[in-house]
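Undergrad: Dumping the structure here so I can ask a few things about it.
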Amino acid sequence: MKIAVCVKQVPDTWAEKRLKPEDSTLDRESAEGVLNELDEYAVEEALRLIEAQGGEVVVVSMGPERAGETIRKALSMGADAGIHIVDDALHGSDAIATSAALAKALEGRGFDLILFGSESTDARMSVVPAMVAERLGLPQLTFAQKVEVDGSTVRIERQAEYGYDSIEASAPVVVSVVEKINEPRYPSFKGIMAAKKKPVDTLTVADLGLEPVTVGLAAAWSAVDEFAARPPKAAGTVIADDGAGGVKIADYLSQQKFI
Amino acid sequence: MTLTLIERSLPTPKAADLLGLTREIAAGELLPRADIDEEAARFPRDVLRLLGSAGLMSLPFPEEFGGGGQPYAVYLQVLEEISRAWLSVGISVSVHGLATYPVAVAGTRAQQDEWLPFMLSGEALGAYCLSEPQSGSDAAALATRAQLDGDTYVVSGTKAWITHGGVADFYSVMVRTSDNGHRGISCLLVPADSPGLCSAPPERKMGANASRTAAMILDGVRVPVGRRIGDEGTGFPIALSALDAGRLGIAACAVGLAQAALDASVSYARQRQQFGRPISEVQGIQFMLADMATQVSAARGLYLDAARRKDAGLTYSREAAMAKLFATDAAMRITTDAVQIHGGHGYTRDFPVERYFREAKVLQIVEGTNQVQRIVIGRDLTR
C-alpha cells in the first residue's frame with residue numbers, strides 16, 4: 001500500500017500568533033513552527049496501516065523553506081520519504097491554490113490512500129482534503145475516527161453528533177482523520193537520526209506545471225482588509241447574589257449570546 | 001504546557017535534536033502528570049516505557065547493544081530536562097542507568113548480549129541494591145550473604161532504600177561472598193521473579209512519592225554463577241564506579257529541579273502585585289532570583305565539567321562528588337528561596353514549589369550523603 005500524508009507547518013499552538021502588517025499574512029517568524037497537531041494523527045494512522053499491511057508512507061507538505069523541519073518530524077516518526085512544495089510564488093496562497101498545488105504533487109504517483117488531518121490549527125477551514133479529492137476526481141472519506149483497509153476497499157467511521165456513519169469507497173481515496181482516531185507516537189532518538197537520511201524531493205510551482213499567477217496572495221479569492229490585535233483581557237463582571245443572582249447570570253450569558 | 005528554552009552548549013546537531021525530543025516529551029507527557037501522580041504516589045511505569053521506546057533510557061550506553069552512544073555531557077543535560085519536568089522520573093532514569101552500569105561495564109560479552117538489549121530499551125527496568133539497614137554510608141560493611149552451592153549462589157539478606165523496589169524487572173545486588181572486607185563483595189544480577197525475592201511495603205517518604213522506594217528481602221534466593229557480574233570479590237569497585245557515574249546523574253537531577261523552582265519563582269514574581277507593582281521589580285526579590293540563577297548555572301557548570309572529564313577518559317571521582325555536593329545543596333537553597341518568594345502560596349500544595357522543596361531534600365542524601373561526598377573530596381585532596 002502506498003500512502004501519502006499531507007501535512008502543514010503551523011505556528012506553535014500555544015504561542016500568540018501575529019499577522020504581518022505589510023500583507024496581512026501570518027508572521028511565521030513570530031512563533032516556533034510545528035507539525036499541525038491534527039496532521040500528527042494522520043501520520044500515525046498511516047504508520048499503523050503500513051505496520052499492519054506493509055507499504056510506504058510519503059509525507060507531502062507545501063510551505064516555506066523551514067516547513068522542511070515539519071517533514072523531517074514526520075519522517076522521524078517513521079514515514080519513508082517526503083515531498084516539499086516550496087516556492088516564493090506560493091506565499092499567501094488560499095485553500096484553493098493550496099489544493100491545486102497538492103493535487104499536482106500527488107497525481108500520477110500511485111497513492112492508494114491520501115491522508116489529511118481534519119483541519120489546520122491556524123486556518124481551521126477543513127476544506128483542503130475535499131478540494132484535493134475533487135481536483136483528483138477521487139472519493140473523499142472525511143472526518144474519520146476509524147479507518148480500515150480491506151484489499152481495495154477503504155472503510156471509515158465518520159464522527160457525527162448522533163454517533164457515527166459508516167462509509168466506504170474503493171481506493172484510491174482521500175481520507176481526513178479526527179483526533180479521536182489514535183494517539184500519535186513520539187519520534188525516537190534513532191528515528192530522528194534515521195530521518196536525516198530519508199529522501200525529500202522539492203518541487204517548485206514550475207515543476208508542478210502550475211501558472212504562477214494562479215497561486216499566491218494576489219490570486220487568493222479572499223483578502224484580509226484589516227485586522228486588530230486581540231484586546232487585552234478586561235476585568236471580569238462580578239454579580240453579587242442579592243437573591244436574584246441566578247437571573248442576573250442568565251441575563252449576562254444571554255447578552256453574550258452563550259444561551 | 002511548555003518549558004522555556006535553556007540555551008545549552010551541545011557538541012553536535014545530533015545532541016541538539018536529542019534535547020529537542022526530550023523537551024517535547026517532557027512538556028507533553030511529564031509536566032501534565034507530575035503533580036497528579038505525585039499526589040497519588042503513583043509509579044509511572046508507562047512513562048518510563050515511553051522514554052525507553054524514545055531511546056532516552058539508555059543514552060550513555062554503547063549503540064551496539066541498543067544504547068544511544070551519547071557522551072555524559074549530553075546524557076546529563078537530557079536528564080536535567082526530564083527532572084525539570086518531573087524529578088521522580090529523572091531519578092528513575094538515573095537509577096536505571098546505575099543498575100545497568102555493572103553489566104555494561106563489567107559484564108562478559110555473553111552477559112551483555114543476553115541482557116543489555118532488554119535493559120537499554122527500557123523494557124526491563126533496573127534497581128541497584130547496595131545499602132542495607134545497617135550499612136549505609138559504610139557500604140563495605142554489607143552483610144547480605146551469598147553462599148555457593150554447586151554452581152548456584154544462595155542469597156539471603158535485606159537491601160534498604162531500593163529505588164524501583166518491587167517494581168523493577170532486575171536487581172543489580174551487591175552481596176558478601178567472603179568475609180574479606182570490601183574484597184569479599186560480589187555483584188549479582190537477580191531477576192525480579194526469582195523465588196525468595198520480595199519487596200517490603202513502599203517507604204512513606206517526604207517527597208518524590210511517584211518514585212517507588214522499598215526494602216528488598218532476599219530469603220534463600222538462588223542465583224546461578226553465570227549471573228555474577230565480574231569476578232568474585234570485585235563487586236565493591238564495580239559498585240563504587242557505578243556510584244561515581246550515578247552521582248553525576250543526581251547532580252543533573254538536582255539542577256533540573258532547581259531550574260524548575262527558579263522558573264516558577266520568576267514567573268510568580270512577575271505576576272504577583274504588591275504595593276501597586278509586580279514583586280519582580282522589588283530589588284530584594286531580584287537579588288534572590290539572581291542568586292538562585294547564579295547557583296543553577298554554577299551547578300550545571302560543575303556537573304558538565306565532571307562529565308567532560310569522564311567523557312575524555314580522565315579521573316572524575318572528585319569532580320563528580322563536588323558536582324553532587326554543590327548541585328544538591330544548591331537545589332535545597334533554591335527551592336527554599338522559591339517557597340519564600342511565593343510567600344503563603346509557596347507553603348500550599350496549590351503551587352509546585354512546595355513539592356520541589358520537599359523533593360530537594362532527598363537529593364542531599366541519596367547516592368552518598370553530602371557528608372560522604374566531602375569525605376570523597378577530602379580524601380582525594382589529602383591522600
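Undergrad: Would you please name the residue that is surrounded by the fewest Cβ atoms within 10 Å (Cβ to Cβ), looking only at residues in segment B:52-66 that are facing another protein chain (nearest Cβ under 10 Å) and in a loop (DSSP other than H, G, I, E, B)?
TA: Result: B:G66.
Undergrad: Here is a follow-up. Yes or no: B:A16 more than 9 Å from chain A (Cβ to nearest Cβ), over 18 Å from the mean Cα position of the chain (by Cα), of a type in the set (G, A, S) and assigned to a helix (DSSP H, G or I)?
TA: Yes, satisfied.
Undergrad: At least 3 residues that are modelled with pLDDT of 95 or more and out of contact with any Phe, Trp or Tyr (no Cβ under 7 Å at 6 or more places or on another chain) in each: list the strands (runs of 3 or more DSSP E) lying fully within segment A:1-80 that qualify.
TA: Those strands (runs of 3 or more DSSP E) span A:56-62.
Undergrad: When you go through B:R33, B:R42, B:R49 one by one, which is the residue that is away from chain A (no Cβ under 14 Å), surrounded by fewer than 20 Cβ atoms within 10 Å (Cβ to Cβ), part of a helix (DSSP H, G or I) and modelled with pLDDT of 95 or more?
TA: B:R33
Undergrad: May I ask you to list the residues in segment B:80-109 that are within 14 Å of chain A (Cβ to nearest Cβ) and either within 15 Å of B:L10 (Cα to Cα) or of a type in the set (K, R) (or both)?
TA: Once the filter is applied, which keeps residues that are within 14 Å of chain A (Cβ to nearest Cβ) and either within 15 Å of B:L10 (Cα to Cα) or of a type in the set (K, R) (or both), segment B:80-109 yields only B:E81.
Undergrad: Give the residue, chosen from B:L142, B:L87, B:L98, that is buried (at least 18 other Cβ atoms within 10 Å of the Cβ) and in the same structural domain as B:R222 (by TED's automatic domain parsing).
TA: Just one listed residue meets the conditions, B:L142.
Undergrad: Looking for something exposed (fewer than 12 other Cβ atoms within 10 Å of the Cβ), in a helix (DSSP H, G or I) and either touching a Lys or Arg at 6+ places or on another chain (Cβ under 8 Å) or away from every other protein chain (no Cβ under 14 Å) (or both) - is there at least one such residue anywhere in segment A:156-171?
TA: no
Undergrad: Determine whether A:S93 is in contact with a Ser or Thr (Cβ under 7 Å, 6 or more places away or on another chain), surrounded by 21 or more Cβ atoms within 10 Å (Cβ to Cβ) and outside any helix (DSSP H, G or I).
TA: Taking the combined requirement at face value, the residue does not satisfy it.
Undergrad: Identify, please: which residue in segment A:207-217 is in contact (Cβ under 8 Å) with a residue 12 or more places away in the chain and over 21 Å from the mean Cα position of the chain (by Cα) and is, among those, surrounded by the most Cβ atoms within 10 Å (Cβ to Cβ)?
TA: A:L210
Undergrad: Yes or no: segment A:230-238 includes at least one residue that is surrounded by fewer than 14 Cβ atoms within 10 Å (Cβ to Cβ) and touching a residue at least 40 places away in the same chain (Cβ under 8 Å).
TA: no
Undergrad: Filter segment B:262-293 down to the residues that are surrounded by 12 or more Cβ atoms within 10 Å (Cβ to Cβ) and among the polar types (S, T, N, Q), then identify the one that is nearest to B:P352 (Cα to Cα).
TA: Selected residue: B:S265.
Undergrad: Further, regarding this structure: Can you confirm whether B:S178 is of a type in the set (S, T, Y), surrounded by 15 or more Cβ atoms within 10 Å (Cβ to Cβ) and either not in a loop (DSSP other than H, G, I, E, B) or not assigned by TED's automatic domain parsing to the domain that holds B:A320 (or both)?
TA: no
The values are calculated or read from the model by the stated rules, or taken from the named source; none is laboratory data. A quick note: this is a predicted structure, and the numbers were derived from the prediction, not measured. Every residue, glycine among them, receives a Cβ derived from its backbone with ideal geometry; neighbour counts consider all protein chains shown.
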